[in-house]
Amino acid sequence: MSLILGLHLGHDAGVTLLRDGVPVICLAEERLIRQKMYYGFPFLSLEAVMHASRISPDEVDILALDTLELPRIIGPEEMQRRFIRGNTRDVAHTVNKARHLLNYFLGKRGIDDVADKEAEARQILYKNLKHLGFSDDRIRIYDHHRCHAASAFWLSPFPKAMFVTSDGRGDGLSATLGFAEGPRLDRYLSISDSDSIGQFYAAITFYLGFRPNRHEGKITGLAAHGDPKRFGELFLRNVKWNKDGSYQFRIPEEFRLHSQNDLDSFFKRVPMTLKDRVVIHTQNDLNTLMYASNWYSLLAYLESIAPPEEREDLAAGAQYLAEMVCAEFISRNLPANQTPVVLAGGVFSNVRVNQKVRELPGITNVYVQPAMGDDGLSLGSALLAYADCDAEAERQLCQDLRPTCVGHTYLGLEYDEKEIVSACADESVQPVRLEDMPKQVGKWIYEGWVVGFFHGRMEFGPRALGHRSILVRPIDAKVNQELNKRFNRTEFMPFAPSMLAETAGDYLINYQPDQIAAEYMTMTYHIVEERRKEIEAVVHVDGTARPQVVFEQKQPAYHRVISEYYKLSGIPVIINTSFNMHEEPIVCSPRDAIRSMKINCVDVLVMENYALWPDGIQRS
Ligand SMILES: [Fe+2]
């Protein structure tokens with residue numbers, strides 16, 4: 001038996017445990033520490049994984065990490081800081097902690113030219129891991145984009161596929177493309193991080209007043225309200241295609257910085273925010289520095305195009321660029337034979353980009369790894385370590401139905417009824433046992449209740465898929481406004497639908513039951529015109545929705561909830577939005593769910609077969 005632990009300690013930190021190549025448990029630290037997109041070492045996830053699987057560090061055969069350049073990028077001081085419990089919080093905290101750096105850097109030359117401290121940072125990394133029980137000889141580190149590709153391919157149902165990764169950056173790259181079969185992942189093309197479409201999308205997110213690397217989904221939602229071609233064609237002029245099928249994305253020279261001298265003069269003339277200055281000045285490596293400085297180039301470029309007030313058209317333009325570049329990158333490199341495609345990396349959290357990929361001729365099917373962002377890297381590094389293992393692992397990975405194809409994403413923690421009842425007692429709330437839970441939940445949804453639904457193992461990845469969800473009827477578009485106000489959220493895309501697999505084809509244009517991406521809310525579909533009115537709360541202004549198609553054999557309880565609503569309403573679709581308040585991570589434990597209920601997140605909370613009400617008064 002082999003036990004491999006994958007561990008990611010950047011933003012979206014997390015841990016994966018593989019037993020004989022099969023993911024046993026995958027956790028994102030944010031859910032446990034209750035800080036969205038947690039940035040640091042995943043202490044709590046590591047402990048939870050060890051506890052849930054009843055293993056100790058000395059039983060782990062390999063500890064797999066991602067991102068080869070990490071020690072070089074963050075240096076010894078930051079590396080050490082990551083291993084101090086409770087000291088490493090989110091990015092904003094890091095920036096605050098680094099405030100003192102400004103005193104040193106403000107008014108000084110732009111670049112901190114201290115010697116490369118990579119080796120020292122690497123030593124600190126190994127020393128701390130050893131302290132946690134993982135000796136040097138069992139540690140492996142893998143390339144960032146290779147980890148994304150591994151997570152997509154070896155979790156997909158396809159025995160061979162084209163893989164494409166795309167994000168802001170990782171190990172000097174922003175995108176890769178290649179072909180995978182059995183235990184092999186062969187990269188054919190890679191795109192430099194100076195040509196990053198992901199970074200451009202993040203820059204637009206920042207330019208329009210949102211938080212980059214977090215609020216990109218809002219830009220996708222806004223885009224449907226704008227004219228894609230007005231700025232999209234302009235943005236697209238910056239893309240040059242090479243003969244080998246790769247591309248360059250270069251904004252006009254006047255905005256580009258190429259050298260240290262450029263940076264020095266740029267710093268003199270461009271005002272910088274506190275955060276930007278800290279980010280730039282804590283980088284020692286020129287390539288990373290150029291990437292960081294590219295933020296300014298992109299923002300200066302955007303400023304020359306239009307003011308941020310024209311946000312709908314700017315968002316639509318960025319969306320147009322992302323869709324066109326991803327689609328062209330794939331279609332230029334498609335093999336003669338039809339092929340499935342697997343996708344991972346933050347760019348593929350973009351549901352409209354993924355629809356565009358699905359619609360390309362020559363592609364038979366698309367799988368988007370549900371934890372497509374850096375939260376999925378712990379899974380990817382663990383899978384790569386397994387593929388490197390030995391002949392037995394290779395044989396397993398070559399089988400048609402690979403052991404890693406788990407067919408779902410419910411890989412997080414679960415809580416039994418005893419733990420639920422105990423959490424209720426701790427929170428001084430009285431649970432009521434339901435005779436027929438799915439029937440009762442279906443009825444409450446039909447009656448217009450906002451139901452908190454807590455069931456089984458937590459999802460791995462950013463989407464709630466009926467295990468940590470809020471369920472509502474989809475018949476009135478006004479509910480989007482009401483609920484966003486209630487949850488204190490700002491969204492430009494309507495809520496997503498969960499729908500019965502048996503009738504999904506009646507609502508989704510060109511849907512086929514084997515389209516696995518439709519099971520994870522990772523892709524939009526156009527909704528059949530005549531059906532839009534009936535489920536208007538989940539249909540965007542462009543006529544699309546991002547569905548979760550629910551199969552009875554995969555999710556019997558959740559399927560029954562939707563079926564019960566269907567029996568009463570004649571509509572086999574409900575709203576499924578993530579169970580969390582604004583800017584909070586999705587709830588993980590019964591206690592998190594109860595606390596959300598108490599601050600008016602839901603009208604009723606259903607945890608397994610128990611129901612609770614915010615005012616403690618039982619209703620049926
Ligand atoms: Fe990434």
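Observations
- Phi-derived couplings, Karplus 6.51 cos²θ - 1.76 cosθ + 1.60 at θ = phi - 60°, listed residue by residue for the range 201-215: 5, 5, 5, 4, 4, 5, 4, 8, x, 10, 8, x, 6, 9, 9 Hz, with x used for Gly and Pro.
- Cβ-placed point charges (K, R +1; D, E -1), dipole of the chain about Cα centre in debye, nearest 20: 920 debye
- Taking other residues whose beta carbon is less than 12 angstrom from the beta carbon of Thr409, and scoring Lys, Arg as +1 and Asp, Glu as -1, yields +1.
- For Tyr188, residues with placed amide H under 5 Å, excluding near neighbours: Leu177, Gly178, Phe179
- Packing, taken as the mean count of other beta carbons within 10 Å per residue, orders the peptides 461-472, 13-24 from highest to lowest as 461-472, 13-24.
- Shape call, the chain: gyration tensor on alpha carbons, a/c limit 1.5: rounded
- Whole-Hz Karplus values for the range 26-43 come out as 10, 10, 9, 4, 3, 5, 8, 7, 6, 10, 4, 6, 3, 10, x, 8, x, 4 Hz, taken residue by residue from phi with 6.51 cos²θ - 1.76 cosθ + 1.60 and θ = phi - 60°; glycine and proline positions read x.
- The portion of the accessible surface of the range 126-181 made up by carbon and sulfur, rounded to a whole percent, is 53 (1.4 Å probe; DNA, RNA and ligands excluded).
- Sequence-distant residues sharing a close amide H with Val528 (under 5 Å, placed H): Leu508, Ile509
- The phi-based Karplus calculation (6.51 cos²θ - 1.76 cosθ + 1.60; θ = phi - 60°) puts the 3J(HN,Hα) values of the range 597-607 at 4, 5, 9, 6, 5, 9, 7, 8, 10, 10, 10 Hz, whole numbers, x for Gly and Pro.
- Considering only Leu465, Ser297, Tyr446, and ranking their Cα positions along the charge dipole of the chain that arises from unit charges at the beta-carbon of Lys, Arg, Asp and Glu, the one farthest toward the positive end is Ser297.
- Contact order relative to length of the range 457-564, as percent, for alpha carbon pairs under 8 angstrom and 6 or more apart: 32 percent
- Neighbour net charge for Lys478 - beta-carbon separation under 13 angstrom, K R +1, D E -1: 0
- Relative contact order (%) - criterion: Cα under 8 Å, at least six apart; region: the chain: 16 percent
- Environment charge of Thr165, counting only residues whose C-beta is closer than 13 Å and scoring Lys/Arg +1, Asp/Glu -1: -3
- Calculated [222 nm] ellipticity per residue, helices only, for the chain: -11500 deg cm²/dmol; basis is -39500 (n - 2.57) per DSSP H run with n ≥ 4, divided by all residues, nearest 500.
- Order by protection proxy (mean Cβ within 10 Å, highest first), peptides 334-344, 153-163: 153-163, 334-344
The values are calculated or read from the model by the stated rules, or taken from the named source; none is laboratory data. It should be emphasised that the depicted structure is a prediction, and the values quoted were computed from it without experimental measurement. For neighbour counting, all protein chains shown are included, and Cβ atoms are generated from backbone atoms with ideal geometry for every residue, glycine included. Side chains included, ligands, DNA and RNA excluded: accessible areas come from the protein's heavy atoms. Shrake-Rupley method; radii C 1.70, N 1.55, O 1.52, S 1.80 Å.
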